[in-house]
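Comments concern the structure below.
The values are calculated or read from the model by the stated rules, or taken from the named source; none is laboratory data. Keep in mind that this is a model prediction, so the values were computed, not measured. Here the Cβ positions follow ideal geometry from the backbone for every residue, glycine too, while neighbour counts run over all protein chains shown. SASA here: full protein model, heavy atoms, side chains in, ligands and nucleic acids out. Shrake-Rupley method; radii C 1.70, N 1.55, O 1.52, S 1.80 Å.
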Amino acid sequence: MSTETLEKPKEAVKLPVEELFSKRRKKLITDPLGEDNPITVQVLGICSALAITIKMEPTLIMSIAVVFVVVFSNLIISLMRNIIPSRVRIIVQLAVVATLVTLVSEVLKAYSYEMYKVLGAFVGLIITNCIVMGRLEAFAMGNKPYDSILDGLGSGFGYAWIILVVAFFRELFGSGSIFDIKIYDWIANNLGFHIQTNGLMVDSIGAFMILGIIIWIQRSKSGYVEN
Amino acid sequence: MRQSNTYILLFTAALTIVVGGLLSLASQGLAPAQKISVELDTKTQILSSVMDRNELAKLKKDEVLNLYKARIQSLVVDINGEEVLKNAKGNPMIAEEVDISKNYKKTPEERVYPVFKYMDEKDPTQVDAYILPLYGAGLWDKIWGYVALKSDLNTIAGTSFDHKSETPGLGARIASSEVQNRFVGKHIYDDAGNLVSVTMVKGEGHTGLTDHEVDGMSGATITGRGLTDMLENYLSYYQSYFKKVNSGSVANL
């Protein structure tokens with residue numbers, strides 16, 4: 001779990017009537033996808049990124065769950081931001097996040113029991129996903145609802161695409177399949193050569209390696225260095 | 001005003017009520033769907049010990065439930081092979097609702113043991129296979145499953161295993177049909193009629209295995225041992241029931 005300090009709320013530029021997708025608002029979404037990515041740059045939410053990325057399908061469900069939770073908790077906290085007593089704001093944030101997470105977990109149990117069994121504890125652990133609490137404290141407490149939704153979408157998808165990429169490589173190399181479609185078997189049957197699956201990839205170590213490579217590529221492109 | 005203690009108390013109280021109310025509403029509202037999900041999951045697992053898992057996965061929810069209704073007859077017995085008709089609360093005992101993991105905490109004598117009879121498709125009075133639940137310990141956490149015995153109560157017709165957190169790629173392979181199919185056709189009794197169960201050997205790629213051994217899983221010796229123990233333990237608990245069935249003393253068992 002990362003303990004780094006949270007960034008200051010971004011100053012909202014006051015315009016008479018701001019466009020629905022103004023430049024500033026677009027940046028709210030696009031920044032976390034790339035140069036301000038929660039996983040690769042802020043190094044938040046690593047725990048679940050390691051735990052649930054063995055296969056694509058649970059990773060996709062987890063992504064949807066995280067996007068849902070971060071968007072709606074951002075919205076709710078932003079709506080309540082002027083009535084929340086600042087001394088108990090973390091507890092209030094926690095209560096909102098926990099409620100949303102429990103709802104997701106209950107819905108999964110009712111309608112996708114298979115996934116509920118696979119993801120089990122990890123859905124509950126979205127509560128402790130630093131990205132969610134981080135966005136609430138850093139953004140939603142000081143910004144309007146619509147901006148907060150955009151910010152939530154940005155951070156949620158920033159998290160989602162990274163773990164989906166990690167899961168893609170881990171499932172391909174570790175289990176020889178994508179979304180449980182057996183790619184390696186198909187290659188063996190049709191092209192006639194057998195590829196051995198890599199057991200390292202189904203372990204957490206595999207996620208560390210792929211995550212490391214993604215961060216490497218991203219930072220060598222963006223020129224980002226740790227201060 | 002927003003900093004006063006009264007405001008904070010009122011605010012948190014209101015929040016608690018709203019959040020609590022919302023969650024209990026959701027819990028109540030989703031309970032029926034969740035019950036069906038759990039039921040479907042249990043029944044799919046039971047059926048998958050005698051049926052092809054891939055075929056089963058193609059069926060719709062209702063089809064699985066209908067198939068289960070048509071083909072499975074269940075009952076609950078105790079360690080002495082006597083049928084148990086009432087549960088602890090005095091309600092009718094339902095085999096599908098017996099929680100094997102809760103039962104596991106009791107001594108073997110105090111437990112109840114569900115039996116799922118897979119009936120013949122053409123003659124619904126003939127039993128094709130007896131499906132028994134299993135429960136035990138793997139390397140990291142619990143493992144469980146079902147074993148199906150043919151009507152001779154000796155030949156294994158199929159198995160289905162699952163686990164909570166065995167190592168992916170190693171012990172977790174017990175949940176794959178490849179490993180489960182290794183048990184098919186093996187026998188649990190020796191020629192003298194003693195229970196020997198089926199042992200998963202250490203290592204993988206063995207040839208010349210006996211009638212009571214299956215090939216192991218490379219890198220998952222302890223999970224394999226857990227599987228062997230679980231199978232042997234639970235088969236031994238059903239011995240009295242098997243004797244009753246074989247002697248034909250109780251027709252409806």
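Brief remarks follow.
- Projecting label points 7 angstrom from Cα along Cα→Cβ for A:Phe208 and A:Asp185 puts them 3.2 nm apart.
- Rounded to 10°, Cα long-axis angle of helix A:56-80 versus longest principal axis of chain A: 0
- Pairs exceeding a 28 Å alpha-carbon distance, out of B:Lys61/B:Lys105; A:Lys117/B:Lys102; A:Lys55/A:Lys109: B:Lys61/B:Lys105.
- Sequence-separation-based contact order of chain B, relative, with Cα cut under 8 Å and 6+ spacing, percent: 15
- Rounded to 10°, Cα long-axis angle of helix A:23-33 versus longest principal axis of chain A: 40
- Sequence-ordered 3J(HN,Hα) estimates for the stretch B:208-214 from the Karplus curve with 6.51, -1.76 and 1.60 and θ = phi - 60° stand at x, 6, 6, 5, 10, 10, 10 Hz, glycine and proline given as x.
- Converting phi to 3J(HN,Hα) with the Karplus coefficients 6.51, -1.76 and 1.60 and the offset θ = phi - 60°, the stretch A:129-135 yields 5, 4, 4, 5, 4, x, 5 Hz in sequence order, with x at every glycine or proline.
- Where trypsin sites (Lys or Arg not before Pro) fall in DSSP loop in the stretch B:14-93, at most 12 other Cβ within 10 Å: B:Lys60, B:Lys89
- D (Stokes-Einstein, µm²/s), Kirkwood Cα radius, the stretch A:150-211, 0.692 mPa s at 37 °C: 257
- 15 Å cut-off, amide nitrogen to a point 7 angstrom out along B:Lys122 Cα→Cβ, residues in the stretch B:66-80: none
- Each label point was placed 7 Å from the Cα along the Cα-to-Cβ direction; for A:Lys144 and A:Ile127 their separation is 3.4 nm.
- Computed FRET value (nearest 0.05) for A:Gln218 with B:Asp52, which takes r as the C-beta separation and R₀ as 45 Å: 0.50
- Euclidean distance between Cα centres, the stretch B:180-204 to the stretch A:115-187, Å: 44
- Built from the Cα atoms of the stretch B:45-247, the convex hull projects on average onto 12.2 nm², one quarter of its surface area.
- Of the accessible area of chain A, computed with a 1.4 Å probe over protein heavy atoms only, carbon and sulfur atoms account for 67 percent.
- For the segment A:102-111, counting C-beta atoms of other chains within 10 Å of every residue's C-beta and taking the mean gives 5.
- Only protein atoms count toward the accessible area here, which uses a 1.4 Å probe; on the stretch B:45-247, the carbon and sulfur part of that area reaches 49 percent.
- Shape of the stretch B:88-204, Cα gyration tensor, a/c cut at 1.5: oblate
- Sorted peptide list for B:74-83, A:215-224, criterion being average Cβ within 10 angstrom, highest first: B:74-83, A:215-224
- Within the straight-line cut-off of under 23 Å between alpha carbons, the lysines reachable from B:Lys150 are B:Lys43, B:Lys69, B:Lys117, B:Lys122, B:Lys186, B:Lys243, B:Lys244, sequence neighbours fewer than 8 places apart in one chain being disregarded.
- Solvent exposure of the protein assembly as shown as accessible area per residue, Å², 1.4 Å probe: 52
- The sum of -39500 (n - 2.57) across all DSSP H runs of n ≥ 4, divided by the residue count of chain A, sets its helix-only mean residue ellipticity at 222 nm to -20500 deg cm²/dmol.
- Rel. contact order, % - alpha carbon contacts under 8 angstrom, at least six apart, the stretch A:83-133: 40
- Total accessible surface hidden between A and B, rounded to 100 Å², 1.4 Å probe: 2100
- Residue mean of other protein chain beta carbons inside 10 Å, A:89-98: 2
- Here the stretch A:55-219 is treated as an ellipsoid with the same Cα gyration tensor; its semi-axes, largest first and in whole Å, are 37, 17, 12.
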